[in-house]
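Scroll down for the structure; my scribbles are underneath it.
Here, each number is a calculation from the coordinates, and none is a lab measurement. Nothing here was measured: the structure is a model prediction, and the numbers come from that model. For neighbour counting, all protein chains shown are included, and Cβ atoms are generated from backbone atoms with ideal geometry for every residue, glycine included.
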Amino acid sequence: MQNLLEYAKKLYALDAYTLTPAEGHEGGRNMIFTCSRAGEKEAVLRFSLLNDRGEQEYLAETEFVHYLASNGAPVADVLPSLNGKQVESCPYNEGTAYISLFAFAKGMLISDNGYRYRENAPLAEYFYNTGKTLGKIHRLSKGFTPCYARPRYFDKYNMDYIHRLIPDAYAPLKESMAARLEDFRQLPADQENFGLVHFDYSDGNYHIDMENGSITVFDFDNCINCWYMFDLANLWTHGEGWFRWERDAGKRAEGMHAYFRAVLEGYRSETEISDEMLEKLPLFIDMVLIENIVDEFECCAREGEAVDFEDIENAARCLTENIPYAGLI
């Protein structure tokens, strides 16, 4: 790894920087280093080493990120190497390492602030800003014409792949997933509803400037051509944590709906989403649950481990027993 680091430092003129490995997280695909100079974090160096994707997919990701940044979206832009490339590569461990450098997103994770939002500002501002930021990304995505292609949803989420990935011991779960996939195929996939989305838009993948509340998004590693509603549904599921400990079910539901109204108000200040698609939110929440389950099986397969059913139990039960997620929809 040290040789790879030295190679990257030369590619991106990073000799004057201190490179600090980021703390890994369960299921992480990449090795990440924060690049600091004079005590200031300026960039993030990413090494992709799994060899389950080719150069074209990384070029498609960085092309999208740079397009968004160039057109005013609050995303951490990709920074070219001295060769003028957004993606560099070199042989590594009988495979290929793909290397990219990104600007450091201003601000901090809200989790690093103890899930406290900026002082003297209401949470409603934060919820609005998450929706507005996502709306900017989707508005630009609707006009994006790429040179390189990222996968489309059914390229990955299909029963051939799911049967190979998930053991037959989970047959009822796979039957439920198959039924949902058939429902997804009936959804409108026109330009206003379907395009390149982040696919992991949550508070772990953006920083908040605690001075003014602005959000800067990063980690488009999983971006895929999918329904824009997926990102909104993913936001919905992550919002549940704000109300999880409210013992009164009615108040939990009231809090969730107020949260999502603020998200949608911010979102619709940038781009539209039809009432017809919003009515399908429960179906898109199921799409999020399927993505979470598939990701868990993929992560365990990479690590050579069996899936701990407790890690997917809630999502699996929602799908197999037709229970609305968290009982709030």
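Give me, ordered by chain and number, the residues 5 or more places off Ser214 or on other chains with an amide H under 5 Å from its own placed amide H.
Asp209
Could you list Cys35, Cys318 so that the one with the fewest beta carbons within 10 Å of its beta carbon is first and the one with the most is last? Don't skip to the answer; put the middle values down first.
Working: Cys35 23, Cys318 19.
So the residues, fewest neighbours to most, are Cys318, Cys35.
What shape does the range 2-103 have by the C-alpha gyration tensor, where a ≥ b ≥ c are the square roots of the eigenvalues, rounded means a/c under 1.5, and otherwise prolate means a/b greater than b/c and oblate the rest? Show your work: numbers first, answer last.
Working: a/c = 1.36, a/b = 1.03, b/c = 1.31.
Verdict is rounded for the range 2-103.
For the range 2-103, give the magnitude of the charge dipole about the Cα centre (Cβ charges: +1 Lys/Arg, -1 Asp/Glu; no others), in debye to the nearest 20. Please report the intermediate quantities before stating the final value.
Values: 8 positive and 14 negative charges, 45 e Å.
Dipole size: approximately 220 debye.
Find out how many positive minus negative residues lie around Phe284, taking Lys and Arg as positive, Asp and Glu as negative, among other residues whose Cβ is under 12 Å from that of Phe284.
Values: positive: Arg180, Lys280; negative: Asp183, Asp231, Glu279, Asp286, Glu291.
That works out to -3.
I'd like the orientation of helix 228-239 relative to the chain: the angle between its Cα long axis and the longest Cα principal axis, in ° from 0 to 90, rounded to 10.
That helix lies at roughly 80 degrees to the long axis.
Once you keep just the Cα pairs under 8 angstrom separated by 6 or more residues, what percentage relative contact order results for the chain? Before the final figure, lay out each step's value.
Numbers: 464 pairs, mean separation 58.7, N = 329.
Answer for the chain is 18 percent.
Work out the charge dipole of the chain with +1 on the Cβ of Lys and Arg and -1 on the Cβ of Asp and Glu about the Cα centre, then indicate which of Leu283, Gln56, Asn314 is farthest towards its positive end.
Sorting the options by dipole projection puts first Gln56.
Going by alpha carbons, how many degrees (0 to 90, nearest 10) lie between the helix axis of 2-11 and the longest principal axis of the chain?
The answer is roughly 80 degrees.
Based on the Cβ-Cβ distance of Ala13 and Ala301, what FRET efficiency does E = 1/(1 + (r/R0)^6) give at R0 = 45 Å, to the nearest 0.05? Please report the intermediate quantities before stating the final value.
Working: r = 38 Å, r/R0 = 0.84.
Efficiency, from the Cβ-Cβ distance: 0.75.
In this model, which of Lys132/Lys251; Lys106/Lys132; Lys85/Lys136; Lys9/Lys85; Lys41/Lys106 are farther than 19 Å apart at the alpha-carbon? Don't jump to the answer; show the numbers that get you there.
Working: Lys132/Lys251 25 Å; Lys106/Lys132 17 Å; Lys85/Lys136 26 Å; Lys9/Lys85 14 Å; Lys41/Lys106 9 Å.
Pairs exceeding 19 Å: Lys132/Lys251; Lys85/Lys136.
Have a look at the DSSP beta bridges in the chain and tell me what percent are antiparallel, nearest 5. If you can, show how the numbers build up before the last one.
Numbers: 33 of 35 bridges.
Percent antiparallel among DSSP bridges in the chain is about 95.
Taking the 0 to 90 degree range and rounding to the nearest ten, how far is the long axis of helix 55-70 tilted relative to the main principal axis of the chain, both from C-alpha atoms?
Tilt of helix 55-70: around 80 degrees.
Per-residue HN-Hα couplings for the range 267-272, Karplus 6.51 cos²θ - 1.76 cosθ + 1.60 at θ = phi - 60°, whole Hz, x for Gly and Pro?
4, 6, 6, 10, 7, 9
Figure the gain on full extension for Asp275 and Ala38 (residue separation times 0.36 nm, minus the Cα-Cα span) and round it to one decimal in nm.
Working: separation 237, 0.36 × 237 = 85.32 nm, distance 5.00 nm.
Full extension of this stretch gives 80.3 nm more.
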